[in-house]
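The values are calculated or read from the model by the stated rules, or taken from the named source; none is laboratory data. Since the structure is predicted, the reported quantities are computational estimates derived from the model, not experimental observations. A quick note on method: Cβ atoms are made from the backbone with ideal geometry, for glycine too, and the neighbour counts reach across all protein chains shown.
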Amino acid sequence: MRNWALGLLVSAPLLAAAAGAKVEYIGGTPAELRAKSDGRLVLTDPEALLFSSRGSTLRIPYAKIEILEYGQRVNRRYVEAVVISPLLLLAKTRKHYLVIGYQDEEGARQSMVLRLDKDDVRSVLAGLEARTGRRVEYQDEEARRTGKG
């Protein structure tokens with residue numbers, strides 16, 4: 001019994017890591033997602049990025065991803081449809097944003113803005129670069145240092 005409990009304690013972090021990176025969906029164009037909702041970003045599928053939030057899952061094939069941008073502010077040119085609270089823009093804490101631009105199944109351009117946990121930034125960016133074959137665009141030199149280490 002004691003060995004079983006010890007095994008569970010040791011494997012629990014591994015199981016949690018397999019569930020993907022915890023992110024907050026700030027907003028974007030996908031109608032099925034609610035703005036400012038918590039979710040999980042999973043990069044372990046070899047064909048597509050999976051984003052799960054509140055019982056719905058968005059599947060974006062890596063080949064359809066056109067833009068990956070990382071920074072500590074949201075660049076409006078990629079996310080015209082996103083409405084951001086003025087309080088969010090005035091916050092003094094560092095927030096880590098990832099903008100993903102992609103084409104949906106009908107060929108329409110879509111975008112989503114995710115807020116990443118600071119501990120997941122490097123692994124998510126590296127995973128996306130590896131899976132998509134695209135380079136992450138950094139908003140500025142500070143973002144580049146944070147994203148690349």
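Each residue in segment 20-41 was checked for being among the polar types (S, T, N, Q) and either within 13 Å of I100 (Cβ to Cβ) or within 10 Å of the chain's Cα centre (by Cα) (or both), and 1 of them qualify.
Residues checked against (1) in contact with a helix residue (DSSP H, G or I) (Cβ under 7 Å, 6 or more places away or on another chain); (2) modelled with pLDDT of 95 or more; (3) not acidic (D, E):
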site: Y102; (1), (2), (3): yes, yes, yes
site: E105; (1), (2), (3): no, no, no
site: L116; (1), (2), (3): yes, yes, yes
site: A126; (1), (2), (3): no, yes, yes
site: A130; (1), (2), (3): no, yes, yes
site: Q139; (1), (2), (3): no, no, yes
site: K148; (1), (2), (3): no, no, yes
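For L58, indicate whether it is within 20 Å of A108 (Cα to Cα), touching a residue at least 12 places away in the same chain (Cβ under 8 Å) and of a type outside the set (G, A, S). So that I can check it myself, show each step before the final result.
Values: within 20 Å of A108 (Cα to Cα): yes; touching a residue at least 12 places away in the same chain (Cβ under 8 Å): yes; of a type outside the set (G, A, S): yes.
Criteria met by L58.
Taken over segment 104-125, residues that are hydrophobic (A, V, I, L, M, F, W, C) and not in a strand (DSSP E or B) amount to 4.
Contact map, segment 120-132: first residue at negative phi, second residue part of a helix (DSSP H, G or I) and crowded, with 18+ Cβ neighbours inside 10 Å, Cβ cut-off under 8 Å, separation 6 or more or different chains; pairs are V121/T146; V121/G147; R122/G147; L125/G147; R131/Y62; T132/Y62. The residues in segment 42-68 that are among the hydrophobic types (A, V, I, L, M, F, W, C) and under 20 Å from H96 (Cα atoms) can be counted, and the count is 8.
Which one is nearest to the chain's Cα centre (by Cα), of the residues in segment 105-144 that are surrounded by 12 or more Cβ atoms within 10 Å (Cβ to Cβ) and basic (K, R)? If we take residues in segment 105-144 being surrounded by 12 or more Cβ atoms within 10 Å (Cβ to Cβ) and basic (K, R), then R115 is nearest to the chain's Cα centre (by Cα). Which is at pLDDT below 50, within 17 Å of E137 (Cβ to Cβ) and crowded, with 16+ Cβ neighbours inside 10 Å, of Y70, Y78, Y62? Answer to the selection: Y78.
Would a scan of segment 19-35 turn up a residue that is polar (S, T, N, Q) and in contact (Cβ under 8 Å) with a residue 40 or more places away in the chain?
In the first step, residues of segment 19-35 are kept if they are polar (S, T, N, Q); the result is 29.
In the following step, the residues that additionally are in contact (Cβ under 8 Å) with a residue 40 or more places away in the chain were identified as 29.
The answer is yes, given that some residue of segment 19-35 is polar (S, T, N, Q) and in contact (Cβ under 8 Å) with a residue 40 or more places away in the chain.
Output yes when any residue across segment 31-38 is modelled with pLDDT of 50 or more, buried (at least 17 other Cβ atoms within 10 Å of the Cβ) and not in a helix (DSSP H, G or I), and no when none is. Yes, segment 31-38 contains at least one residue that is modelled with pLDDT of 50 or more, buried (at least 17 other Cβ atoms within 10 Å of the Cβ) and not in a helix (DSSP H, G or I).
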